[in-house]
Amino acid sequence: MDDDIFQLDNRVLKITQSEEALRPVVNAFLSKKGLFSDLALTFDDVVILDFKSDIPSRSAITNTRAKLAKDIYLNTPIITANMDTITEAKMAIALARLGGIGFIHQFLPLEKRVKEVKKVKRADSGIIEAPLTIGFEATVREAREIMNSAQISGLLVVDAAGKLFGILTLRDIRFETMDEKRVAEVMTHSPLITAGQGTTLRQAKIILQKNKVEKLPLVDENNQIVGLITAKDILKIEQFPNALRDKKGHLAVGATIGIGKNFIEEAEELTQAGADVILIDTARGFSARLEESVRELRRTLGDEMPIIAGNVDTPEGVLMLIQAGADAVKVGIGPGAVCKTREGPGVGIPQITAIAEATAIGRKYGIPIIADGGVRGGAHFCKALAAGASAVMLGWMFAGTEETPGEPFYEDGEKWKVYRGSASLEFQLSRLDRDETERIRAPEGVPRRVRYKGEASAVINELMSYLRSSMSYVGVWTLEEYREKAKFRRQTVSGYEEGRPVIY
């Protein structure tokens, strides 16, 4: 296929030939990957071929950097699913610290989504540009409410003119029983250890260590607060060197919107709250409604804000979303562990073929593909990336971890948590409590109880260990090379069974 079949015009892709022109591009990529144009395959249908390798050990591989969208690059190519039983602030913080990213799900009321985004941005702040403050005439009760709501350990106290007056920490009020006391009576008073605007984290560390304090307010020449640096944040930055951070040193987080009537307002508020990327998500992504929604969102947010859209599972769907203005496309219809779209409506391309065909189009225009769904373990994770995905969105793999929303429960002598599909009957019933306009549809998802798994970091570490091992077999040092070089060969059912450990 000639390169001039498509042309880029003001960032919007224009098709200059029929959609049949996509097929040669797709077929060429499938052939390169060892896949078939007339047969749709999924994870267990294929194996990754090994090549001669000069890599002495998988531990020698350190570059697993992957493009998410625009100028956002993940150090760990893992994304947590925007599901109500998977990703809120706690999970997003854990992922960002380890180099991935979480997307706050769209099923919370907007004000709660905004709060979840802000929690992530405040978790490891580097330099806090707008630290929370309280007046010295406020009560201890009011201070506790602010600290509990924002999940922080201290507040800067200001006078009537907004100038720094003192610091109030949990240590100051931990044993205070009189909630009506004024903040001025219990706070740490001036003179305080402060620093000027422009102080670096390295300079702040020296000041904090020398003066044996944990919080360093930054003030201007008029003693007006311009920032805050804490010892806790500096330690977290050192503890998580591969964390995904924005340009100001805050943890990165994604926010999700649907295609309802207020989606533009939601995107604007989430962006203002600090979201680094917006995901506009719907189960049936190859639709005129999503296409126009992405166009409108792009016009509103401008070219700088990264937008991810999905889900689709065909080259035509990918091209449509690229044309509309998406900076990355999410691929996967029906492969999820709690999804019934293949079983109910009967729709959905098996995931290896869907990823590879989507990648064939995405790579032509520099648009990353995110594989969403169907991953049940390390082999599936590696195969999704080998097929061309830039990153993998995971739900089932993180279900039951400590960081997922919801409380664990005990049953049959074991500890469990709930995991459910976003189109399950149970989930639809829960939405009726929040929105009376919702109606019950034929369920395309199911709920599950899953065993408690501990911290999400254990899941990430295991998957990344498998990925580095797979990269060493393929003989590549970087994830980008892996996505380029990796090839598949089809296997039979008995071949798949041969590769499984025998259980006696």
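Odds and ends about this structure:
- Dimensionless Rg/Rh of the chain - Kirkwood Rh, Rg from C-alpha atoms: 1.01
- Eligible lysines near LYS364 by straight Cα distance, threshold 22 Å, same-chain separation 8 or greater: LYS14, LYS32, LYS33, LYS67, LYS70, LYS330, LYS383, LYS485, LYS487
- Zone residues, segment 185-208, relative to THR139, backbone N less than 19 Å from point 7 Å out along Cα-to-Cβ: 185-187
- For segment 214-305, the number of Lys pairs separated by eight or more positions or lying on different chains, with C-alpha atoms closer than 28 Å, is 8.
- Dividing the helix sum by the residues of the chain, where each DSSP H run of 4 or more adds -39500 (n - 2.57), gives a mean residue ellipticity at 222 nm of -10000 deg cm²/dmol.
- Think of a 1.4 Å ball rolled over the protein heavy atoms: the chain then has 48 Å² of accessible area per residue.
- Restricting attention to the chain, close to 50% of DSSP beta bridges with both partner residues there are antiparallel.
- Relative contact order (%) - criterion: Cα under 8 Å, at least six apart; region: segment 325-430: 23 percent
- Element breakdown for segment 307-421 at a 1.4 angstrom probe: carbon and sulfur atoms account for 49% of the accessible area.
- Solvent-accessible area, 1.4 Å probe, carbon plus sulfur percent, for segment 96-211: 53 percent
- Remark: segment 129-227 carries a charge dipole of roughly 520 debye about the Cα centre, counting +1 on each Lys and Arg Cβ and -1 on each Asp and Glu Cβ.
- Cα-centre dipole for segment 255-329 with unit charges at Cβ (Lys and Arg positive, Asp and Glu negative), debye to 20: 240 debye
- Here LYS181 is the anchor, and the aspartates and glutamates within straight C-alpha reach of less than 13 Å, apart from those fewer than 8 places off in the same chain, are GLU137, GLU142, ASP172.
- FRET efficiency estimate (nearest 0.05) - Cβ-Cβ, ALA130 to ARG342, R0 56 angstrom: 0.75
- The stretch between LYS261 and THR62 holds 67.2 nm of extra length on full extension. This uses 0.36 nm per residue minus the Cα-Cα distance.
- Segment 163-218 and segment 448-465 have Cα centres separated by 38 Å.
- For segment 125-211, the list of trypsin sites (Lys or Arg not before Pro) that fall in a loop by DSSP and count at most 16 other C-beta atoms within 10 angstrom reads ARG174, LYS181.
- The trypsin sites (Lys or Arg not before Pro) of segment 212-244 that DSSP puts in a loop, and whose beta carbon has at most 12 other beta carbons within 10 Å, are LYS212.
- The GLU221 and SER287 beta-carbon pair, evaluated with R₀ = 56 Å, returns a calculated FRET efficiency of approximately 0.50.
- Among the GluC sites (Glu not before Pro) within segment 329-415, those in coil by DSSP and having at most 11 neighbouring Cβ atoms inside 10 Å are GLU343.
- The shape of segment 251-321 can be summarised by an equivalent ellipsoid whose semi-axes, obtained from the alpha carbon gyration tensor, come to 20, 12, 11 Å from longest to shortest.
- Rounded FRET efficiency, nearest 0.05, which uses the C-beta distance separating LYS52 from GLU111 and R0 of 60 Å: 0.60
- Proximity of backbone amide H atoms, modeled 1.01 Å from N, is registered between LEU68 and TYR73, LEU74 at under 5 Å, excluding neighbours fewer than 5 places apart on the same chain.
The values are calculated or read from the model by the stated rules, or taken from the named source; none is laboratory data. Only a predicted model underlies this, so the values are computations on that prediction, with no experimental measurement involved. Backbone-built Cβ (ideal geometry, glycine too); neighbour counts: all protein chains shown. Ligands, DNA and RNA are stripped out before the accessible areas are found, and what is left, the full protein with its side chains, is counted by its heavy atoms. Shrake-Rupley method; radii C 1.70, N 1.55, O 1.52, S 1.80 Å.
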